[in-house]
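A short write-up of the structure that comes next.
The values are calculated or read from the model by the stated rules, or taken from the named source; none is laboratory data. Since we're looking at a predicted model, the values are computed, not measured. Glycine also receives a Cβ, built like all others from the backbone with ideal geometry; neighbour counts cover every protein chain displayed. Ligands, DNA and RNA are excluded from the accessible area calculation, which covers all protein heavy atoms including side chains. Shrake-Rupley method; radii C 1.70, N 1.55, O 1.52, S 1.80 Å.
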Amino acid sequence: MADYMHCLTSLASLTDKIPYPCVLCHASSPYGICDNCTRQYLDNPVPRCRCCGHDIPASNTTGHADLCGACLATHPTFDATIVATDYVPPFDLLIHQLKFAHQLALAPLMGKLLDRAIARQAATDDWQPPDILIAVPLGKARLIERGFNQSHEIARTLAHLMRLPLHTSLLYRNRETAKQSTISFSERKHNVHNAFTVEHDALPLIRGKHIGVIDDVMTTGHTLEEIARILKKAGAGYITNFVFARTPFKLLQEN
């Protein structure tokens with residue numbers, strides 16, 4: 001048995017040293033993105049709205065440097081959003097490969113990059129970690145069609161890194177909805193209205209708690225807004241969105 005355990009330990013140490021190809025340029029990398037791509041795409045994060053995660057111009061003159069004009073005018077139900085990157089090349093391709101090419105190995109990398117963004121936020125803010133995590137749920141038909149929930153796959157790694165419980169049955173879709181990406185921005189709010197339900201047995205887990213909601217992409221924010229509305233109605237005290245990629249505001253204006 002001792003020899004067997006020694007072999008397992010040796011094998012684990014060897015696999016830890018195997019370089020991973022960078023998902024962006026295919027160079028050798030320590031965890032999926034090489035140092036050059038990290039410096040180019042991730043090491044100079046843009047200022048973002050604390051609430052919705054949109055980028056804020058450096059010339060912001062609202063007097064609230066951490067909030068965008070939209071959130072000042074109509075504050076969302078959720079309280080904060082932390083974003084790993086924008087939904088632009090090359091990261092939009094990674095999302096597409098995960099969701100539609102079934103490259104599930106990308107999900108842990110996205111979870112690690114989200115954790116990196118959270119650590120950066122925590123170092124410059126009085127932000128407190130949530131009590132529990134949930135992933136944006138898919139409908140049953142969509143889950144069967146795709147075979148997995150990409151947000152849940154990202155959430156698994158993030159929950160492990162944050163050492164927080166991930167609850168998979170706290171919230172569910174009570175009806176199938178059209179894919180948000182296939183309908184106009186003006187239709188998206190109605191599409192997800194009352195589409196989510198909190199499990200009755202989960203109410204004690206929610207009341208007064210800080211809940212982290214994990215999603216792969218945030219575009220108009222209507223899905224996360226609806227989830228926050230349902231969770232707050234159930235008694236949640238604070239909602240933070242953890243989003244891998246955020247569609248830039250200028251791209252929303254062009255549609």
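Out of Ala122, Ala155, which single residue is among the hydrophobic types (A, V, I, L, M, F, W, C), open to solvent by 40 Å² or more (accessible area, probe 1.4 Å) and out of contact with any Lys or Arg (no Cβ under 8 Å at 6 or more places or on another chain)? After applying the criteria, what remains is Ala122.
So, of the residues in segment 141-151 that are open to solvent by 50 Å² or more (accessible area, probe 1.4 Å) and either part of a helix (DSSP H, G or I) or among the charged types (D, E, K, R) (or both), which turns out to be farthest from Leu94 (Cα to Cα)? Only one residue fits best here, namely Ala141. Pull out all pairs, ordered by first then second residue, where Cβ-Cβ is under 6 Å, the residues are six or more apart or on different chains, the first lies in segment 174-193 and is of a type in the set (Ser, Thr, Tyr), and the second is part of a loop (DSSP other than H, G, I, E, B). These pairs meet every condition: Thr177/Ala195. For the residues Thr157, Thr168, the requirement of being part of a loop (DSSP other than H, G, I, E, B) and either of a type in the set (Val, Ile, Thr) or under 14 Å from the mean Cα position of the chain (by Cα) (or both) singles out Thr168. Scoring Thr182 on the criteria (1) open to solvent by 20 Å² or more (accessible area, probe 1.4 Å); (2) of a type in the set (Val, Ile, Thr); (3) under 20 Å from Thr81 (Cβ atoms) leaves a single failure, condition (3).
Residues are listed down the side, and each one gets a yes or a no for (1) in contact with a strand residue (DSSP E or B) (Cβ under 9 Å, 6 or more places away or on another chain); (2) touching a residue at least 60 places away in the same chain (Cβ under 8 Å):
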{"residue": "Leu104", "(1), (2)": "no, no"}
{"residue": "Ala122", "(1), (2)": "no, no"}
{"residue": "Gln128", "(1), (2)": "yes, yes"}
{"residue": "Ala135", "(1), (2)": "yes, yes"}
{"residue": "Lys140", "(1), (2)": "yes, no"}
{"residue": "Ile144", "(1), (2)": "no, no"}
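Based on this model, can you work out whether Leu113 counts as surrounded by 14 or more Cβ atoms within 10 Å (Cβ to Cβ), of a type in the set (A, V, I, L, M, F, W, C) and farther than 22 Å from Leu170 by Cβ? The answer is yes for Leu113. Please find, within segment 10-57, the residue that is modelled with the highest pLDDT out of those that are open to solvent by 90 Å² or more (accessible area, probe 1.4 Å) and either in a loop (DSSP other than H, G, I, E, B) or over 22 Å from Pro90 (Cα atoms) (or both). The residue in question is His26.
Check whether at least one residue in segment 120-135 is farther than 22 Å from Pro108 by Cβ and in a helix (DSSP H, G or I), and report yes or no. Taking every residue of segment 120-135 in turn, at least one turns out to be farther than 22 Å from Pro108 by Cβ and in a helix (DSSP H, G or I).
Entry remark, segment 58-97: residues being more than 16 Å from Phe244 (Cβ to Cβ), open to solvent by 60 Å² or more (accessible area, probe 1.4 Å), part of a loop (DSSP other than H, G, I, E, B) and modelled with pLDDT of 90 or more number 1 in total.
Among the residues of segment 204-252, those identified as open to solvent by 10 Å² or more (accessible area, probe 1.4 Å), among the acidic types (Asp, Glu) and touching a Phe, Trp or Tyr at 6+ places or on another chain (Cβ under 7 Å) are Glu225, Glu226.
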